[in-house]
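A short write-up of the structure that comes next.
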Amino acid sequence: MRVCVIGAGYVGLATAVMFGKLGHEVVCADVDERRVRAVNSGKSPFYEPPLEKELSRLVKKGMLKASKDVLGSARESAFIFICVQTPSLSSGRIDIRALKAASRSVAKVLRKSEDYKVVVVKSTVVPSTTDTVVREVLEVGSKKTAGRDFGLCMNPEFLQEGSALKDSMEPTRIVIGAIDKRCGNALMKLYSPISSDKIRTDLRTAEMIKYASNVFLATKISYANEMANICYRLGIDSDVVLNAAGKDPRIGPLFLKPGLGFGGSCLPKDVKALRQKARSMQYPGRLLNAVLAVNDEQPFEASFILKEVLGTLERRRIAVLGLSFKGNVDDVRETRAIPLIAGLLASGAEVVAYDPMAASNFIELMPTIMYASSAKEALDGADACIIQADWPEFKRLGRKEFSRMRNPVVVDGRRFLVPAEVEKAGARYYGIGYKPANEP
Ligand code: NAD
Ligand code: UDX
């Protein structure tokens, strides 16, 4: 079967490689020339090593290629997956310009096509978008009718960056929203080699499942952060509290790590988009407000701790380790490093930043701060350091590195270091939800 994936981003490439591994011939269409060139040379345009390895193998085998020619790519394909970005506008609404542009290209293909094709929206879109906006663009442009002349499905993606391919090959569930049985059955068949639970719904329900999932994850994180902030002020270790709370299967242990808040291209955007949708129907979305309010404040918890420890941040040199929105990715979309560093600078601190992979992406967002080429260099002469992203290499920091600091204080903004090990290496350890014993 030939499958076309529009958009060679995290979702598009993971989808393309997944279908390639299942034995289909895949073409990935993207308007970004650099991405197309990267894919055709077997390289992932972003840091995702296992995905890149399989991508390179499939490109060599001739099973996967990329093209700037969206129409040509879709023409020969029985399934067309739309995986373009749907970023936040300042109102919180999603920007669907790329989705509409991709749909217009697909409509042109449908117009000339004699065979039945299934169009699948995989981008995250607020409930009703597929059934109204996408459908209308496709029907008007093709002069054909969805459900009769072509299929229309909504198939949300649940992958996490850093494990994109594994999550696509072994998803927790596959949601197949369909305009009718025929295209739903066809998509079920395409996914049949993957044994995960399959849930069949209409288009709107599929869209809503994605939001309900991400809002719950975001809610767990804001809950963990609120508990941790209260624990810190009480001198209680929040990890002990949240690990114990998470043993209750009704609560569950995952996504209870306190930190500097949730970033990335999905959680903040999706909570805002659902809130905006709710508001447009005169529903206030109080929980959504609270989840976002906690998240907005959370990066400043690190400055709050540092002000307690150092007295002031004025002219203090602070090393910020990790600039991506989490460890093991080079994606800086909505990274908490932005408000964290902005807050430090506003308090008069001098910031030296370091990230193993994301620095070149981050420099575009914050060109004027100082950058170091290693964690060791960032720590040189620092009055404190803040771990902003959980990169594994920060676990290996020890006496040799901490001794370069003017004042060896570590604020673990992701609670992933072991306090006793940091103390053994000669630094004072503080964390979100963790104040060392015998502190006031
Ligand atoms: P991305 O920004 O990494 O990639 C999108 C790609 O689409 C870009 O390469 C862009 O050039 C291309 N594109 C834009 N308009 C196009 C057009 N008209 N024709 C062809 N190509 C076009 O995006 P992403 O992170 O993969 O996210 C895609 C969608 O999936 C979003 O709706 C997002 O919310 C959702 N999602 C993302 C993740 C994630 O972890 N990144 C997880 C689940 C769902
Ligand atoms: C998220 C969802 O997990 C995924 O299912 C969806 O498809 C896309 O959005 P991702 O953006 O890759 O995936 O990031 P995720 O691993 O969820 O982390 C998001 C943010 O939350 C990061 O900034 C991370 O540091 C933070 N986080 C995560 C916490 O602060 N605590 C946790 O316990 C988990």
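The values are calculated or read from the model by the stated rules, or taken from the named source; none is laboratory data. Given the structure is predicted, the values throughout are model-derived calculations rather than measurements. Heads up, the Cβs are rebuilt from the backbone with ideal geometry, glycines too, and the neighbour counts pull from every protein chain shown. For the accessible areas, the whole protein counts, side chains as well, though only heavy atoms, and no ligand, DNA or RNA atoms are used. Shrake-Rupley method; radii C 1.70, N 1.55, O 1.52, S 1.80 Å.
Overview of values
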read-out	value
Residue satisfying condition, being modelled with pLDDT of 95 or more, open to solvent by less than 40 Å² (accessible area, probe 1.4 Å) and within 24 Å of PRO258 (Cβ to Cβ), within set TYR434, TYR429	TYR429
Number of positions in the range 136-166 that are in contact (Cβ under 8 Å) with a residue 12 or more places away in the chain, closer than 14 Å to LYS210 by Cβ and within 16 Å of ligand 2 (Cβ to nearest atom)	6
Only listed residue being out of contact with any helix residue (DSSP H, G or I) (no Cβ under 7 Å at 6 or more places or on another chain), more than 30 Å from SER280 (Cα to Cα) and in contact (Cβ under 8 Å) with a residue 60 or more places away in the chain, chosen from GLU33, GLU54, GLU76, GLU114	GLU76
Any pair with Cβ under 8 angstrom, 6 or more apart, that starts in the range 225-251 at a residue that is outside the structural domain of GLU297 (by TED's automatic domain parsing) and ends at one that is at pLDDT 95 or above	none
Members of the range 160-173 that are among the aliphatic types (A, V, I, L, M) and surrounded by 21 or more Cβ atoms within 10 Å (Cβ to Cβ)	ALA164, LEU165
Residue within the range 300-312 that is closer than 25 Å to GLN85 by Cβ and either open to solvent by less than 30 Å² (accessible area, probe 1.4 Å) or more than 16 Å from ligand 1 (Cβ to nearest atom) (or both) present	no
Hits in the range 343-359 (condition: farther than 22 Å from SER163 by Cβ, open to solvent by 30 Å² or more (accessible area, probe 1.4 Å) and either in contact with a strand residue (DSSP E or B) (Cβ under 8 Å, 6 or more places away or on another chain) or within 16 Å of ligand 1 (Cβ to nearest atom) (or both))	LEU345, GLU350
Yes/no for GLU114 being assigned to a loop (DSSP other than H, G, I, E, B) and among the charged types (D, E, K, R)	yes
Odd one out for ALA102 among (1) crowded, with 22+ Cβ neighbours inside 10 Å; (2) farther than 17 Å from ASP32 by Cα	(2)
Residue in the range 117-125 that is among the hydroxyl-bearing types (Ser, Thr, Tyr), under 25 Å from the mean Cα position of the chain (by Cα) and assigned by TED's automatic domain parsing to the domain that holds LYS21 present	yes
Failed condition for LEU55, given (1) among the hydrophobic types (A, V, I, L, M, F, W, C); (2) modelled with pLDDT of 95 or more; (3) surrounded by fewer than 18 Cβ atoms within 10 Å (Cβ to Cβ)	(3)
Number of positions in the range 127-141 that are surrounded by fewer than 23 Cβ atoms within 10 Å (Cβ to Cβ) and either away from ligand 1 (no atom under 15 Å from the Cβ) or aliphatic (A, V, I, L, M) (or both)	9
When residues of the range 325-342 are limited to those that are open to solvent by 10 Å² or more (accessible area, probe 1.4 Å) and hydrophobic (A, V, I, L, M, F, W, C), the one nearest to ligand 2 (Cβ to nearest atom)	PHE325
Every residue from the range 367-414 that is closer than 27 Å to GLY162 by Cα and in contact with an Asp or Glu (Cβ under 6 Å, 6 or more places away or on another chain)	LYS376, LEU379, ILE387, ARG414
Boolean, LYS122 is more than 12 Å from ligand 1 (Cβ to nearest atom), more than 23 Å from ALA278 (Cβ to Cβ) and not small (Gly, Ala, Ser)	no
